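Here's the structure, in structure tokens; my notes come after.
The values are calculated or read from the model by the stated rules, or taken from the named source; none is laboratory data. No experiment lies behind these values; they were computed from the predicted model shown. Here Cβ is always computed from backbone atoms with ideal geometry, including for glycine, and neighbour counts include all displayed protein chains. Side chains are part of the model used for accessible areas, which takes the heavy atoms of the whole protein and leaves out ligands, DNA and RNA. Shrake-Rupley method; radii C 1.70, N 1.55, O 1.52, S 1.80 Å.
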Amino acid sequence: MTAAAYHALRKSADRDPVSFWARQARELDWQAPFHATLQWKYPHARWFADGYLNASVNCVDRHVDSPRKHKAAIVWEGETFETRTITYAQLHDQVCRFANVLRNLGVKKGNVVGIYMGMVPEAAIAMLACARIGATHNVVFGGFSADALADRMSDSGAVVLVTQDVAYRRGKDVELKVTADKAAKRIPTLKHMVVFKRGTASVKMKAKRDLWWHDVMATASPQAKAAKLPAEHPLFILYTSGSTGKPKGILHTTGGYLTHVSYTTKLVFDMQDTDLFFCTADVGWITGHSYVVYGPLSLGATVMMYEGAPNHPQPDRFWDIISRHRVTILYTAPTAIRSFMRWGDEWPSKHDLSSLRLLGSVGEPINPEAWRWYHRVIGNKRCPVVDTWWQTETGGIMISAVPLEGEGKQSKGTLTASRQVPGAATLPLPGIQAAVVTRNGKKCKAGETGLLVIKHPWPGMLRTVYGDDARYKAAYWSEFPPENVPDGWYATGDGAKIDAEGNVWIIGRVDDVVNVSGHRLGTAEIESALVSHPRVAEAAVIARPDEIKGNALVAFVTLKMGKNATNLVKLKDDLREHVGREIGHIAKPDDVRFAEALPKTRSGKIMRRLLRELVKGGSGFGDITTLEDFSVLERLRSDDEV
Ligand code: WTA
């Protein structure tokens, strides 16, 4: 897009956001056109509601009916270096077959299908097959434990679970089927498991319940009629952490979500038919849903999908992939970028990265130093960096710079960016009305920190929290209700500031959600995992800044009485492992500290703010007038003593 076209786009979106989004939606293939663009009744939005479409038709069929038929949709590389290329025609065959498999298993429109897999093309195929028949998928990241999987499956009432025998990660087998079996005991609605075979070792298959992917696919028909679905038909549920214990099932629907991810993939990544787009996120997270699967495939783009770890077998795996496959766009997380910095410039410098033309960042604030390193070492100062702010709830990118075609003296094909401000997500995209306000809803002055809100509904927004609409309202819409502000505003949970040029700087979460290595975790979830250990009486989990991971988790734990004479070093390890088993390895606290008591307000609320200041080493504890027992603090300061 040229700079002039970008400014014109902004103008038209500002003038009339609803018609603007209708135009974006019409880029999709509709089975029946919509007439009603937006129906907003606080706090619920319906987009394009009288139209019909199918996401799998948009991501697959419409490219098969075009010159892209034999173009690669997915270029996959296993951690073990084998590669597979799946064209749109082949993707169509596979998606149809799996749609028939699901139908043959009795899956109906509106049923929920769980997907618990690693980064293999079959994960995307399973998602698209669900979309084809109108089943709602619920993907759970392969690093989650049996309990976490069971919670998410039973909360959503999943009838089928698609998994694999093992996934490969850092040279090891991750035993997904074993974990799925454990979880299955606690999923009363589950009828079948379909198991994709990735590894070589044998796994136990339960007669009648479990089926091998290759068996059922071989006999399934490669033609499957796509269901005609209303735009508001639920496309997927994705669980994410909130500030209370239970994760929230974020519900996204078909027409609005697809419009948003398709529009943003085109705009923010300047997606062309000649591109090979490498989004390194796992399909278990929203970034994998929106920018490995639905966004790029809706445009007929080619995605690079990599199965394994960035440092396997060596710290240059990404650079090796980029140079061998000639990747043109890289989209990754600041935590990865900081690790690459630490591993040293010699790793990227061994490889020819000249195919890259654009770099993206997502998941947490990128510090200016990491931004500059990414720009200089990976992008060779040629590639614009787009720092994209968004959330599981927003569906797609909301705030980001936009790459612009070189004009004037620049050679053809060179990109610049609408803004390059290391550390800032820059401007809300055309169509998105973001603002930073005080708790009272007053616009913050330039440079003043406040709460990031979205003032107008957008198509990709979540529709509700699955099975808990009251929580949806309370979590996102209660801070700025229509009684106080026009039409009600969406509260993002992030603190931010806007500078004099209008650039948005994200400060981070203002609630009890923590971003560790770009993974979103609720401290309450980890606390409840800790107190489920027989030795633990109480726990408070807080974040401390960490150079690589963004945040590290520190758990303050009090033990049950009468059991003080144990080996605390071992107990620390036990507790970390316990959290790993309860939630998954990503949630293990980096540091466990034992205490006699935790600082509390008189009403019994743990004062996490004090604990945060304590681990930062600050002595200014702010306002502690509500603290119940001052001496607790002194004792906590002396770290490990019990
Ligand atoms: C944070 C990931 C700063 C933010 C897509 C948000 C960011 C949370 C950025 C959502 C960014 C995401 N700059 N912070 N570019 N992108 N965040 O749901 O705190 O896993 O609220 O979605 O990540 O995390 P989630």
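Descriptive notes on the structure:
- Accessible area (Å², 1.4 Å probe, nearest 10) - LYS11: 140 Å²
- Given a 1.4 Å probe and the protein chains as shown, ILE606 ends up with an accessible area of around 30 Å².
- Charge tally in the Cβ shell below 14 Å around ALA470, where Lys, Arg are +1 and Asp, Glu are -1, ALA470 excluded: +2
- Accessible surface of LYS182 - all protein chains present, 1.4 Å probe, nearest 10 Å²: 120 Å²
- Judged by the mean number of other Cβ atoms found within 10 Å, the most tightly packed of the peptides 208-214, 89-95 leads the ranking 89-95, 208-214.
- Counting only Cα atoms, the size of the stretch 275-350 along its three principal axes is 37, 24, 18 Å, in decreasing order.
- The charge dipole of the stretch 3-417, taken about its Cα centre with unit charges on the Cβ of Lys, Arg, Asp and Glu (plus for the first two, minus for the last two), comes to roughly 640 debye.
- Distance from the C-alpha centroid of the stretch 486-538 to that of the stretch 157-193: 29 Å, rounded to the whole angstrom.
- Compared with the alpha-carbon gap, the fully stretched path from ASP499 to LYS616 is longer by 39.4 nm at 0.36 nm per residue.
- Sparse packing (at most 10 other Cβ atoms within 10 Å of the Cβ) combined with a DSSP loop state is found for the following GluC sites (Glu not before Pro) in the stretch 422-507: GLU483.
- Environment charge at GLN164 (Cβ cut-off 9 Å; Lys +1, Arg +1, Asp -1, Glu -1): +1
- Zone residues, the stretch 204-228, relative to ASN104, backbone N less than 20 Å from point 7 Å out along Cα-to-Cβ: 205-227
- Protection proxy ranking of 232-239, 363-370, 567-574 - average other beta-carbon atoms within 10 Å, highest first: 232-239, 363-370, 567-574
- Label-point separation, THR80 to GLN223 (7 Å along Cα→Cβ), nm: 3.7 nm
- Distance (nanometres) between label positions extended 7 Å along Cα→Cβ at SER355 and THR189: 4.2 nm
- Karplus-derived 3J(HN,Hα), 6.51/-1.76/1.60, for each residue of the stretch 177-194, Hz, glycine and proline x: 5, 4, 5, 4, 4, 4, 5, 4, 4, 10, 10, x, 7, 6, 10, 9, 10, 10
- Checked against a 25 Å cut-off, the cross-linked pairs LYS246/LYS588; LYS588/LYS616; LYS197/LYS549 give Cα-Cα distances beyond that limit for LYS197/LYS549.
- Net length available on complete extension from VAL531 to ILE548 is 3.3 nm, with 0.36 nm assigned per residue and the Cα-Cα distance removed.
- Of the residues HIS70, HIS63, HIS7, HIS325, ranked by 1.4 Å probe accessible area with the largest first, the sequence reads HIS70, HIS7, HIS325, HIS63.
- Taking every DSSP helix (H) stretch of at least 4 residues in the chain, weighting each as -39,500 (n - 2.57) and dividing the sum by the residue count yields a mean residue ellipticity at 222 nm of -8000 deg cm²/dmol.
- Once Rg and the Kirkwood radius are both taken over the C-alpha atoms of the chain, their ratio Rg/Rh works out to 0.95.
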